[in-house]
Amino acid sequence: MTVQLVVESVVLDEQGAVTAVSGPYGTISAPTAVALVHFDAVTFIAGPVLATVRLLHRPAGLSLYCNWDGTARNNLRDLPPSVP
């Protein structure tokens, strides 16, 4: 059974890339979160409608992506910042 975790805040690097996600479970690095999603161990949800966080295939590798407002932007960047 896949565990469902709510993302309440994120850590962003200088370029705006998500480097970690946070919630009541603590902070999980982006590479660890990607692996958890990839192996169906965890489903992360985020935003006002609790949309599913998905994996986005990029030239540099997989990254976390969530869209709850119908735009093409990564809405994870709209979440409050967390302290790394």
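The values are calculated or read from the model by the stated rules, or taken from the named source; none is laboratory data. In this text, all values refer to a predicted model and were calculated from it rather than measured experimentally. Every residue, glycine among them, receives a Cβ derived from its backbone with ideal geometry; neighbour counts consider all protein chains shown. Side chains included, ligands, DNA and RNA excluded: accessible areas come from the protein's heavy atoms. Shrake-Rupley method; radii C 1.70, N 1.55, O 1.52, S 1.80 Å.
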Open item on the list: Here are a few candidate values for Rg and Dmax of the Cα atoms in Å: [x] 11.6, 36; [y] 25.8, 71; [z] 18.2, 65. Which one was actually calculated from the structure I just gave you?
Closed with: [x]
- [ ] Could you tell me which of 50, 11, 37 has its Cα farthest along the dipole of the chain towards the positive end, charges placed at Cβ (Lys, Arg +1; Asp, Glu -1), taken about the Cα centre?
- [x] 37
TODO: Please find, in a Gaussian network model of the chain (springs between Cα atoms separated by less than 10 Å), the residue of 21, 49, 11 whose mean-square fluctuation is greatest.
DONE: 49
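What full-extension length gain, to one decimal in nm, is calculated for residue 32 and residue 73 as 0.36 nm per residue of separation minus the Cα-Cα distance? Spell out each step's value before the answer.
Details: separation 41, 0.36 × 41 = 14.76 nm, distance 2.22 nm.
Stretched out fully, the residue 32 to residue 73 stretch lengthens by 12.5 nm.
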Open item on the list: Over the chain, with the other protein chains present, what is the accessible area per residue in square angstrom, probe 1.4 angstrom?
Closed with: 60 Å²
Open item on the list: Taking 0.36 nm per residue of sequence separation and subtracting the Cα-Cα distance, how much length would be gained by fully extending the chain between residue 40 and residue 55, in nm to one decimal?
Closed with: 4.3 nm
- [ ] Report, in deg cm²/dmol and to the nearest 500, the calculated mean residue ellipticity at 222 nm for the chain, where each DSSP H run with n ≥ 4 adds -39500 (n - 2.57) and the sum is divided by the residue count.
- [x] -3000 deg cm²/dmol
